[in-house]
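Asks: Pasting in a structure now, in structure tokens, and then I'll have a few things to ask.
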Amino acid sequence: MTSRRTFLQTTALTGIASTLSSSVLWSATRPADRGPAKDKLGVALVGLGYYSTDLLAPALQKTTNCYLAGIVTGTPEKASTWKKQYNIPDKNIYNYQTFDQIANNPDIDVVYVVLPPSMHEEYVVRAAKAGKHVWCEKPMAVTAKECQNMIDTCAKNKVSLAIGYRLHHEPNTQEYVKGLRDGKIGKVLMVNCAAAYYDARTDHWKQKKEMGGGVMYDMGVYAIQGARLATGEEPIAVTAQQYTTRPDVYKNGLDETSMAQFIFPSGARASIQSSYGMNMNYLHVTGSKGTLFMEPYSAYNGVKGVWSNGGIINHPYEVPMEQVMQMDDDALAIMNKKPMLVPGEEGLRDIKIVEAIYAAAKSGREVKIG
């Protein structure tokens, strides 16, 4: 895996970078010098829900360039459990009232915000003001205005900001992006991408509008990314439709299922779907000389695909390797004073598209994207 991944990153990462508006992608703030160099960066997880508990914490036991140094939680029982399980010292355990004291803790280099989207802006800003590098789980925030404030605050405090888009670090994604950029199926004409699962919960933040709920912010971002990665372009116009089959759960216009159609500058079109009411996970790209089909397209335990004109994409691995790759890459970028592969500007672009999708669905009309 190491040699294969090294090869992929020296070839495919360039393709992903140029795909995603490279003039912005690689202009993220470079981290400032912060004392003597470390072999590993200490990471504090903020919010100890499912993603931190089942994926990030186990991944941090496998990472080479960073380790689990601290936690931030509002639940004393969780603090006690994590302290014992991961041997976390008391001085590295914080709650939301004591969070700002993290500024005085040299053990913690990076704060990873893993909270509901409505809380992302507050804790990214507070972490940056504390002088810590920041990783923020997707979606970056609820509004583009919040995203911009997060970017500006990190820049002002000379800390790096990365968004938790694990697939950018994933070898199968890197391979298909490189293949598309190299013209393996000719000019991209049409993209269909779906990211969905059935969510039986009724009282999670994903079902609460005030907390950043709604499928477009969560699974929808994966589908948006699929369209943007496949075309290598930014959409210039969108139409959209949203609905729910469970109005008792998805209330006040909250979307259980969202569909959107993009127009790109080259003339390419895309249709995306995201839902909490059904299971879908694929990317289908039609080109002038063939097709690419990825399924699953964004699964935790691996992504794989096939080219119609020959060749498969299948670098196997086990959970939680995507998160290991992501955090190791981001930690290494900080240590080497390099830009993040997925900086705040990338998260901002997706939230601008999400806002346009909601506007299009509400109005029933095409919405231009600047």
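Asks: Over the alpha carbons of the range 168-223, what is the largest minus smallest coordinate on each principal axis, giving the biggest first in Å?
Replies: Sorted largest first, the three principal extents are 45, 24, 19 Å.
Asks: While we're here: By a straight-distance test (C-alpha under 16 Å), which aspartates and glutamates pair with residue 129 as possible cross-link partners, with residues fewer than eight away in the same chain excluded?
Replies: 33, 100, 109, 121, 146, 152
Asks: To continue, here is another question. Just the projected area, averaged over all directions, of the convex hull on the alpha carbon atoms of the range 239-370: how many nm²? Let's see the in-between values first.
Replies: Values: hull surface 44.9 nm².
With the hull built on Cα positions only, its mean projection is 11.2 nm².
Asks: So, one more: Given a cut-off of under 8 Å on Cα pairs at least six residues apart, what relative contact order in percent is computed for the range 241-363?
Replies: Numbers: 137 pairs, mean separation 15.6, N = 123.
It rounds to 13 percent for the range 241-363.
Asks: How large is the translational diffusion coefficient of the range 81-135 in µm² per second when you combine the Kirkwood radius over alpha carbon pairs with Stokes-Einstein at 25 °C and 0.890 mPa s?
Replies: Numbers: Rh = 11.9 Å.
The Stokes-Einstein estimate is 206 µm²/s.
Asks: So if I average 1/r over every pair of distinct C-alpha atoms in the range 219-294 and take the inverse, what Kirkwood radius in Å does that give? Working shown, then result.
Replies: Numbers: mean 1/r = 0.0740 Å⁻¹.
The answer is 13.5 Å.
Asks: Hey, another quick one. If you take the Cα Rg of the range 93-178 and divide it by 2.2 N^0.38 Å, with N the number of residues, what do you get? Show your work: numbers first, answer last.
Replies: Working: Rg = 14.0 Å, N = 86, 2.2 N^0.38 = 12.0 Å.
Expressed relative to 2.2 N^0.38 Å, the Cα Rg reads 1.17.
Asks: Where the eigenvalues come from the Cα gyration tensor of the range 129-200, what are the semi-axes √(5λ) of the equivalent ellipsoid, largest first, in whole Å?
Replies: Numbers: eigenvalues 196, 64, 33 Å².
Ellipsoid semi-axes (Å, largest first): 31, 18, 13.
Asks: Then there is this: What relative contact order, as a whole-number percentage, does the range 32-185 give when Cα pairs under 8 Å and 6 or more residues apart are counted? Walk me through the numbers on the way to the answer.
Replies: Numbers: 219 pairs, mean separation 29.5, N = 154.
Once divided by the residue count of the range 32-185, the mean separation gives 19 percent.
Asks: If you find the alpha carbon centre of the range 211-276 and of the range 330-370, how far apart are they in angstrom?
Replies: Going from one Cα centre to the other spans 13 Å.
Asks: Which of the residue pairs 184/352; 91/337; 132/338 have a Cα-Cα distance greater than 25 Å in the structure shown? Please list the in-between numbers first.
Replies: On the way: 184/352 30 Å; 91/337 28 Å; 132/338 16 Å.
Checking Cα-Cα distances, 184/352; 91/337 exceed 25 Å.
Asks: Okay, moving on. Find the relative contact order for the chain and round it to a whole percent, using C-alpha pairs within less than 8 Å whose residues are 6+ positions apart.
Replies: Details: 793 pairs, mean separation 79.6, N = 370.
Answer for the chain is 22 percent.
Asks: Rounded, prolate or oblate: which fits the range 27-126, taking a ≥ b ≥ c as square roots of the Cα gyration tensor eigenvalues, rounded meaning a/c under 1.5, else prolate when a/b beats b/c? Show your work: numbers first, answer last.
Replies: Numbers: a/c = 1.42, a/b = 1.20, b/c = 1.19.
In terms of gyration-tensor shape, rounded.
Asks: In 20 Å bins starting at 0, how do the alpha-carbon pair distances of the chain split up by percent?
Replies: 30, 60, 10
Asks: Could you give log10 I(q)/I(0) at q = 0.12 Å⁻¹ for the range 145-302, computed by the Debye formula over C-alpha point scatterers of equal weight, without solvent?
Replies: Results for the range 145-302 at q = 0.12 Å⁻¹ read -0.60.
Every number in this text was worked out from the coordinates using simple rules, so none of it is lab data. Source: prediction; values computed, not measured.
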